[in-house]
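Some notes on the structure that comes next.
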Amino acid sequence: MEISPLQKERLKYQPKLPGMLRHGISDICVKEGEETASVSDQDKIRELFPNTYGKREIIFEKGQNTSAAKRQVVGVILSGGQAPGGHNVISGLYDALKATDKDNVLLGFKGGPSGLVDDDYVEFTDEFIDAYRNTGGFDIIGSGRTKIETKEQFEAAAATAKKHGLTAVVIIGGDDSNTNAAVLAEYFAANNTGVQVIGCPKTIDGDLKNDDIDCSFGFDTATKTYSELIGNIERDANSAKKYWHFVKVMGRSASHVALECALETQPNVCLIGEEVAEKKLSLSQIADQIADSVEKRSKTEGNFGVVIIPEGIVEFVPEFGVLIREISEMLAGSKTEEFNALPSWEDKKEYIRKGLTEESFKVFDILPEMIQKQLFLERDPHGNVQVSLIESEKLFAELVKNKLEERRKAGTYTGKFSTQFHFFGYEGRCAFPSNFDADYCYSLGYNAFMLIQYGYTGYLSKVSHLNRPAEEWVAGGMPITKMMNMERRNGQDKPVIRKALVDLEGKPFKYFEAHRAEWAAHTCYTYPGAIQYYGPSDVCDITTRTLALEKG
Ligand code: FBP
């Protein structure tokens, strides 16, 4: 198979491990710390996880390896959306497993957790793994979003484990997938299967982090990729001086990606969903904020600018959230067919007017028709409006245009407002992992095997102090139950890993808040350029501004 020159070089890259994992497997010992408790709802979580709750935090150190000699047969699963570095988690896991005993076996279950349930797998070999080292994507075994939650699925997973003699399963996923890892670990322990479960923190969204997990892998490469593109757009905007660019970036529930890209590129405006929710901003208020920047800049810098919008923004706008809920209820069950059968958009609009409260209809009514129609596109299997299908970048541009027209009539605005739209998501999820993600992921996988070898289950592979050089990273493990609390999901109280939203008191947001007025009025763009893989360490190995500010 033909491969690119960069891929050829990347296959040879040797990822950096934390110093304490560099001594060779026989010189890695474990040190146990304090017993842990869940972040809240301790009684309930303890009751639900009687076999895996309250275990101790652990770190690895240089010292005599005291783990029991045992042939390991490990299964690995990629779960959820792609994130750069997944292949390196698997190669780190494979290398540690084979370095410990060449008779150890690594199986890859295909297409996400369903691979374990359906016993769809491959066995890894040196040749297989070597073709994927330091590459982006999850194509080595594919991924999927199935959850193992029914009795039949648990039993099928246990049967697969028994058939192969699995000693452990490693689940590489986000908050939901690692919640699922904790549940599976508890099930395997409760049923004395002898199968351990270890999780690895993945998601470009950056919302799987907490006191123990510095960041999820993939966030670094994805945000660098988007920031490169946004920087290029800024330079184009500043060259042509004729467009306002509205850039939507991925991040389903949290605005970490948007915030990091803003810190990297200093755009004129960046919306942060968590702030919108906290201040209960309306669509009209948000549009006014953007229009203020457009108006101000039209008098000084010119009729151009860049706005970053997080993918999940509309869900944070309180009035929009209510509207979406009302639409879902209005079209519940057979009502969808009734609605779809109406002959014209005018008939449909009348149906909507009658079905919504007066407040929600007012919100609906100010939306551009294109967005109104998007609210009635395909809905998810639960009948909910798919917010990610709403082109919020176009929505805000349209609302801003209306605001500017009002200002033109009032005589305060005389500029021109021409727009361009972009959505950056898939462009970054499978990029070649940055050196940071290549090193971090390889370390997570290598470390996951050390947790298995020392007999731990229900733990998340933890590599911390990530703002420092890899040599100083600290490797260990944290019980997943420590990160859990009870939340309402689909009408039921469920134990879940608490999702990290942007902290409005945190240093990354505070930095942004302190500078955004200047960025809105002036042209302060910064151009990060493409990810560099070879060259000076202060160009190639640096991680995100978010991590530097949070941990610095
Ligand atoms: P994970 O949380 O599973 O890592 O996925 C993140 C993400 O990339 C979001 O940013 C995005 O909204 C979503 O996946 C898109 O998923 P899909 O490719 O399944 O449409």
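The values are calculated or read from the model by the stated rules, or taken from the named source; none is laboratory data. Worth saying up front: this structure is predicted, and the values here are computed from it rather than measured. Counting neighbours? That spans all protein chains shown, and the Cβs are built from the backbone with ideal geometry, glycine included. In case anyone asks, the SASA skips ligands and DNA or RNA and just uses the protein heavy atoms, side chains included. Shrake-Rupley method; radii C 1.70, N 1.55, O 1.52, S 1.80 Å.
Scan the stretch 396-425 for residues that are polar (S, T, N, Q) and either in contact with an Asp or Glu (Cβ under 6 Å, 6 or more places away or on another chain) or under 27 Å from Ala222 (Cβ atoms) (or both) and report the count. Let's see the steps before the verdict.
Applying the first criterion (polar (S, T, N, Q)) to the stretch 396-425 yields 402, 412, 414, 418-420.
Narrowing further to those that are either in contact with an Asp or Glu (Cβ under 6 Å, 6 or more places away or on another chain) or under 27 Å from Ala222 (Cβ atoms) (or both): 419-420.
The number of residues fulfilling the criteria is 2.
Does Asp541 meet the test of being within 17 Å of Leu208 (Cα to Cα), surrounded by fewer than 20 Cβ atoms within 10 Å (Cβ to Cβ) and acidic (Asp, Glu)?
Values: within 17 Å of Leu208 (Cα to Cα): no; surrounded by fewer than 20 Cβ atoms within 10 Å (Cβ to Cβ): yes; acidic (Asp, Glu): yes.
For Asp541, the condition - within 17 Å of Leu208 (Cα to Cα), surrounded by fewer than 20 Cβ atoms within 10 Å (Cβ to Cβ) and acidic (Asp, Glu) - is not met.
I'd like to know if the stretch 331-352 contains one or more residues that are open to solvent by 20 Å² or more (accessible area, probe 1.4 Å) and closer than 17 Å to Ser392 by Cβ.
Just the residues of the stretch 331-352 that are open to solvent by 20 Å² or more (accessible area, probe 1.4 Å), to begin with: 332-338, 340-351.
Filter once more, so that each one left must be closer than 17 Å to Ser392 by Cβ: none.
The answer is no; no qualifying residue exists.
Table: residues versus (1) open to solvent by 40 Å² or more (accessible area, probe 1.4 Å); (2) at pLDDT below 95.
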{"residue": "His382", "(1), (2)": "yes, yes"}
{"residue": "Gln420", "(1), (2)": "yes, no"}
{"residue": "Gly428", "(1), (2)": "no, no"}
{"residue": "Ser434", "(1), (2)": "no, no"}
{"residue": "Asp437", "(1), (2)": "no, no"}
{"residue": "Thr457", "(1), (2)": "no, no"}
{"residue": "Ser461", "(1), (2)": "no, no"}
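Thr146 passes all but one of (1) in contact (Cβ under 8 Å) with a residue 60 or more places away in the chain; (2) farther than 26 Å from Phe436 by Cβ; (3) within 16 Å of the ligand (Cβ to nearest atom); which number fails?
Condition (1) is where Thr146 drops out.
For the stretch 504-525, does any single residue satisfy the condition of being at pLDDT below 95 and open to solvent by 60 Å² or more (accessible area, probe 1.4 Å)?
No; the residues of the stretch 504-525 include none that is at pLDDT below 95 and open to solvent by 60 Å² or more (accessible area, probe 1.4 Å).
Scan the stretch 13-54 residue by residue and report those that are farther than 26 Å from Lys482 by Cα, modelled with pLDDT under 95 and not small (Gly, Ala, Ser).
Arg22, His23, Ile25, Asp27
If Gly111 satisfies all but one of (1) closer than 18 Å to Gly173 by Cβ; (2) part of a loop (DSSP other than H, G, I, E, B); (3) open to solvent by less than 10 Å² (accessible area, probe 1.4 Å), what's the number of the condition it fails?
So Gly111 meets the others, but not (3).
So in the stretch 353-368, with the set limited to residues that are open to solvent by 70 Å² or more (accessible area, probe 1.4 Å) and either more than 35 Å from the chain's Cα centre (by Cα) or in contact (Cβ under 8 Å) with a residue 24 or more places away in the chain (or both), which one is farthest from Asn402 (Cα to Cα)?
Lys354
Do you know which of the residues in the stretch 178-237 that are of a type in the set (Gly, Ala, Ser) and touching a His at 6+ places or on another chain (Cβ under 8 Å) is farthest from the ligand (Cβ to nearest atom)?
Applying the first criterion (of a type in the set (Gly, Ala, Ser)) to the stretch 178-237 yields 181-182, 185, 189-190, 194, 199, 206, 216, 218, 222, 227, 231, 237.
Narrowing the set further to residues that are touching a His at 6+ places or on another chain (Cβ under 8 Å) leaves 206, 237.
Working: Gly206: 10, Ala237: 25 Å.
So the residue we want is Ala237.
If the requirement is being among the hydroxyl-bearing types (Ser, Thr, Tyr), in contact (Cβ under 8 Å) with a residue 24 or more places away in the chain and within 16 Å of the ligand (Cβ to nearest atom), which of these qualifies: Ser40, Ser91, Ser67, Ser79?
That would be Ser79, the only listed residue that is among the hydroxyl-bearing types (Ser, Thr, Tyr), in contact (Cβ under 8 Å) with a residue 24 or more places away in the chain and within 16 Å of the ligand (Cβ to nearest atom).
How about the stretch 203-306: which helices (runs of 4 or more DSSP H) wholly inside it have at least 2 residues that are buried (at least 22 other Cβ atoms within 10 Å of the Cβ) and touching a Cys at 6+ places or on another chain (Cβ under 8 Å)? Break it down stepwise before answering.
Numbers: elements: 219-240, 256-265, 273-278, 283-300.
Counting at least 2 such residues, we get 219-240, 256-265.
Does the stretch 172-181 contain any residue that is over 21 Å from Gly476 (Cα atoms), part of a helix (DSSP H, G or I) and either open to solvent by less than 10 Å² (accessible area, probe 1.4 Å) or in contact (Cβ under 8 Å) with a residue 24 or more places away in the chain (or both)? Steps first, please.
Applying the first criterion (over 21 Å from Gly476 (Cα atoms)) to the stretch 172-181 yields 176.
Within this subset, residues satisfying the condition of being part of a helix (DSSP H, G or I) are 176.
The next check asks that each one be either open to solvent by less than 10 Å² (accessible area, probe 1.4 Å) or in contact (Cβ under 8 Å) with a residue 24 or more places away in the chain (or both); those that pass are 176.
Yes, the stretch 172-181 contains a residue that is over 21 Å from Gly476 (Cα atoms), part of a helix (DSSP H, G or I) and either open to solvent by less than 10 Å² (accessible area, probe 1.4 Å) or in contact (Cβ under 8 Å) with a residue 24 or more places away in the chain (or both).
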